[in-house]
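Below is one structure, written out as structure tokens; the observations come after it.
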Amino acid sequence: MTQKSKLNFVAENQIWKDHVETENIAAKRWPERWGFMLTPVEELLKDEKKPPAKPKIPLPEHLQIRPVTPVETYIKIHPSPPVPQTTQGFIGWRSTVPGLGLERYSKIISTKGAFYKDVQWPNEPTD
């Protein structure tokens with residue numbers, strides 16, 4: 001504010017009266033414009049039609065979900081052998097026990113050279 005506007009009390013008072021008058025007019029108009037916001041939600045929704053409940057159709061036996069079977073019935077966890085004392089013994093310590101091996105259903109057979117033996121080629125290239 002400048003020095004002149006500080007001294008003009010009449011103009012400042014008139015501006016203040018105009019602001020108060022504008023707020024009073026807005027307060028009187030508010031119910032007709034925004035009064036619906038005061039209505040409770042239950043009262044607004046009482047005339048709404050509820051969708052009819054869908055009838056539950058029983059599923060055939062083969063489509064029903066079976067109860068969950070615990071994992072322990074399928075997976076058997078055997079106790080591990082004692083932990084070796086040295087780091088050298090630690091390498092492969094579980095794979096040496098036959099029951100804990102990774103090859104459960106068949107042994108890994110290396111096919112290296114099997115094709116050469118079938119065709120009777122030499123393993124090393126010859127010049």
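The values are calculated or read from the model by the stated rules, or taken from the named source; none is laboratory data. Because the structure is predicted, anything quoted here is derived from the model rather than measured. Note that we place each Cβ from the backbone using ideal geometry, even for glycine, and neighbour counts take in every protein chain shown.
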Subject >> Given (1) of a type outside the set (A, V, I, L, M, F, W, C); (2) assigned to a helix (DSSP H, G or I); (3) at pLDDT below 90, number of the condition residue 28 does not satisfy >> reply: (3)
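For (1) among the charged types (D, E, K, R); (2) free of Cβ contacts under 8 Å to residues at least 60 places away in the same chain; (3) surrounded by 10 or more Cβ atoms within 10 Å (Cβ to Cβ), each residue gets a yes or a no:
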| site | (1), (2), (3) |
| --- | --- |
| 11 | no, yes, yes |
| 14 | no, yes, yes |
| 35 | no, yes, no |
| 39 | no, yes, no |
| 43 | yes, yes, no |
| 47 | yes, yes, no |
| 52 | no, yes, no |
| 58 | no, yes, no |
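Can you pull out the residues in region 45-83 that are farther than 30 Å from residue 93 by Cβ, in a helix (DSSP H, G or I) and aliphatic (A, V, I, L, M)?
Initial filter on region 45-83 (farther than 30 Å from residue 93 by Cβ): 45-69.
Then drop every residue that is not in a helix (DSSP H, G or I), which leaves 45, 61-63.
Answer for region 45-83, where residues must be farther than 30 Å from residue 93 by Cβ, in a helix (DSSP H, G or I) and aliphatic (A, V, I, L, M): 45, 63.
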